[in-house]
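Colleague: Provided herewith is a single structure, encoded as structure tokens, for subsequent inquiry.
The values are calculated or read from the model by the stated rules, or taken from the named source; none is laboratory data. On a predicted model such as this, the values are computed, not experimentally measured, just so you know. As a convention, Cβ positions derive from the backbone with ideal geometry for all residues, glycine included, and neighbour counts pool all protein chains shown.
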Amino acid sequence: MEEIDRIINELHLYEKKVLKSLESSKKSLTPEDVVNAQKLDIKSVMSAAGSLASKDIILVIKDVEETLSLSDDGENYAQEGLPERKLLNLLQQEGSVHMKDLGVKSGLNPSDVKIGVGWLVRKKWAKINQGEVTITDNGKEMADNLQEDEKLLSSLLEKGRISLNSLDHDLQQGFKLLKSRKGLIDIDKNTAHTFILTDKGQDILAKGIVIQEEATQLTHQQLKLGEWKSLKYRGYDVKADYPEFNPGKMHPLRRIIEEIRNVFINLGFDESKGPILESAFWNFDCLFQPQDHAAREMQDTFYINNPSHSQLPDENLVSKVAQAHQDGGVAGSEGWGYLWEKEVARQSVLRTHTTSVSARFLAENEPPLKMFSVGKVFRRETITYKHLPEFHQVEGIVAGDEINFRNLLGILKEFYKKLGFEVRFRPAYFPYTYLSTECEIYLPEKESWIELGGAGMFRPEVLEPLGIETPVAAFGLGIERLAMIRLGIKDIRMLYKSDIGWLRKLPITQGVDIED
Ligand code: FA5
């Protein structure tokens, strides 16, 4: 369809009526002309004209006219004369009069005397010396002449209303003076509009427009009887500009967390939670992490002052953990071979990994089991593009007689595949697992592999004290790093920046849909 036909097809009936009026007048029109010619109300005419103007079909010229008229006070002054004029008349006869006698001699009330004296001085018609008010030469000269403000007052008295634009230079000066005296002049603002056809408008009229009723809302009847087929409809511009729309949406990190939870729930895992403020016992000792392990150092772990110590679980578990550290406690293990201290295990820390949740879960549940947990962890890290001091992990364990390392790799592969990633595994070391692995993904932007998570089979030294007799596959994966790759951002800090521009640009949904 030709552009001009498309525009005509999309014109509203009222827009067509405004154009028709302009066609018959062949020149400019006022909204009132259209109202009369087309029997439309002024609101509809103005809105149709605004729409036509936004499409460059007509121009809407705005002309603001200010009209002056006298207020009641102004009319009084116009009839009686301004108070300073009355005082000037008095001074012209007497030369000078003392302030205190002005009221009596002029017949003015005290408030008008005050106003009058003020203006006498301002207009330089009189001077005041020690209470004596004396006429000046200027005053004498003005005795028989009207000042501009007085001229405007009498014009307004005579004509009723005067347009501000029509005032000559003198009367404009008069207006300035009168405007500074409150409440004498009323100003009415009147905006006059004129519609003028543009070239585009003329082209449209040259093509011809037909005024015809259009269907806006279809009735049940019309639909049922098929009458809708013969009705006339207005075209819609599906490419029209629309206002920017920023609906509320879930933060992308939160969304990915929900997505991850969903994957594990669908794989049949139970969800568990644990405390963020944790004892070193559950965070380290229970996981066979020796008490002099580097990760426990102050520079890696946040220790809490208040409460500085946490409660330990029942003595049976504590003593078994102590034994595992000291001499292995299980067949074939020598432990770490040092004297385990309760006080060190009682220290309060912000958990450094969610593996503490897995340890707690194993202490309370019997295999077979599948558990996952999502939560915040804290580490004293130097912040970089891939390191935060506070981040989320998703942790999981699968326990059962048949579970082995191969199953663990399968679970992780499946998990990452569901999120759209292909990962590689490489051997790793954790004090609490054997075999151990780390999964990594390639970051093209950094031309390097980035580590996404650690995993392994819990060691007997971990399982024995907890009373678990089946193999347990365990993993702990970083969520922010996943989010970083998923969202295509080069810096992990972006996730916590609340950059509203970036957040707005992100699609409302991304990747796998969340199922409830
Ligand atoms: C652990 O935290 C182990 N608990 C994982 C584990 C669980 C191993 C169970 C074996 C059995 P690691 O310190 O590597 O491992 O951290 C796991 C993941 O957390 C990392 O691969 C990384 O994706 C993420 N991560 C680690 N440090 C940071 C950090 N500072 N900022 C953001 N993400 C981090």
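Colleague: Condition first: free of Cβ contacts under 8 Å to residues at least 24 places away in the same chain and in contact with a strand residue (DSSP E or B) (Cβ under 7 Å, 6 or more places away or on another chain). Now tell me which residues in the stretch 418-446 satisfy that.
Modeller: F425, R426, P427, Y429, S436, E438, E440, Y442
Colleague: Here's something else I'd like to know. Tell me which of these F378 doesn't satisfy, since it passes every other one: (1) free of Cβ contacts under 8 Å to residues at least 60 places away in the same chain; (2) within 14 Å of the ligand (Cβ to nearest atom); (3) surrounded by 15 or more Cβ atoms within 10 Å (Cβ to Cβ); (4) not small (G, A, S).
Modeller: (1)
Colleague: Let me ask something additional. Being surrounded by 14 or more Cβ atoms within 10 Å (Cβ to Cβ) and more than 12 Å from G201 (Cβ to Cβ) is true for just one of V18, V35. Which residue is that?
Modeller: After applying the criteria, what remains is V35.
Colleague: Here are the criteria: (1) under 30 Å from L412 (Cα atoms); (2) touching a His at 6+ places or on another chain (Cβ under 9 Å). Tell me which single one E214 does not satisfy.
Modeller: Only one criterion is unmet by E214, namely (1).
Colleague: If the requirement is being among the β-branched types (V, I, T) and either on the phi > 0 side of the Ramachandran plot or in a helix (DSSP H, G or I) (or both), which of these qualifies: V263, V330?
Modeller: On inspection, the qualifying residue turns out to be V263.
Colleague: Return yes or no: is R459 surrounded by 16 or more Cβ atoms within 10 Å (Cβ to Cβ) and of a type in the set (K, R)?
Modeller: yes
Colleague: Going through the stretch 102-145 one residue at a time, which ones are touching a Leu at 6+ places or on another chain (Cβ under 9 Å) and of a type in the set (A, V, I, L, M)?
Modeller: Across the stretch 102-145, the qualifying residues are L102, L108, V113, I115, V117, L120, A126, I128, V133, I135, M142, A143.
Colleague: If the Cβ limit is 8 Å and pairs must be 6+ apart or interchain, which residue in the stretch 284-298 that is assigned by TED's automatic domain parsing to the domain that holds V344 pairs with which residue that is among the acidic types (D, E) and not in a loop (DSSP other than H, G, I, E, B)?
Modeller: F288/E461; Q291/D285
Colleague: Would you check which residues across the stretch 115-138 are exposed (fewer than 15 other Cβ atoms within 10 Å of the Cβ) and out of contact with any strand residue (DSSP E or B) (no Cβ under 7 Å at 6 or more places or on another chain) and list them?
Modeller: G118, R122, K124, I128, N129, Q130, D137, N138, listed by residue number.
Colleague: Condition (residue is polar (S, T, N, Q), farther than 30 Å from T198 by Cβ and surrounded by fewer than 15 Cβ atoms within 10 Å (Cβ to Cβ)) applied to the stretch 62-77: is it met by at least one residue?
Modeller: Within the stretch 62-77, one or more residues are polar (S, T, N, Q), farther than 30 Å from T198 by Cβ and surrounded by fewer than 15 Cβ atoms within 10 Å (Cβ to Cβ).
Colleague: Oh, and also: Within the stretch 429-449, count every residue that is farther than 21 Å from H325 by Cα and surrounded by fewer than 19 Cβ atoms within 10 Å (Cβ to Cβ).
Modeller: Here the count works out to 10.
Colleague: So which pairs qualify, if the first residue must be in the stretch 177-190 and under 21 Å from D63 (Cβ atoms), the second must be assigned to a loop (DSSP other than H, G, I, E, B), the Cβ gap must be under 6 Å, and the two must be at least 6 apart or on different chains?
Modeller: Qualifying pairs under 6 Å: D186/S71.
Colleague: Here is a further query. Considering only the stretch 382-389, I want to know if a residue exists there that is farther than 28 Å from R255 by Cβ, touching a helix residue (DSSP H, G or I) at 6+ places or on another chain (Cβ under 8 Å), in a loop (DSSP other than H, G, I, E, B) and within 9 Å of the ligand (Cβ to nearest atom).
Modeller: Looking through the stretch 382-389, none of the residues is farther than 28 Å from R255 by Cβ, touching a helix residue (DSSP H, G or I) at 6+ places or on another chain (Cβ under 8 Å), in a loop (DSSP other than H, G, I, E, B) and within 9 Å of the ligand (Cβ to nearest atom).
Colleague: Output the residues belonging to the stretch 432-489 that are assigned to a loop (DSSP other than H, G, I, E, B) and more than 9 Å from the ligand (Cβ to nearest atom).
Modeller: E447, R459, G467, I468, E469, T470, P471, G488, I489
Colleague: Has the stretch 361-372 got any residue that is within 12 Å of the ligand (Cβ to nearest atom), in the same structural domain as E461 (by TED's automatic domain parsing), under 28 Å from I489 (Cβ atoms) and assigned to a strand (DSSP E or B)?
Modeller: yes
Colleague: If only one of L412, L369 is in contact (Cβ under 8 Å) with a residue 40 or more places away in the chain, farther than 17 Å from A280 by Cβ and in contact with a helix residue (DSSP H, G or I) (Cβ under 9 Å, 6 or more places away or on another chain), which one is it?
Modeller: L369
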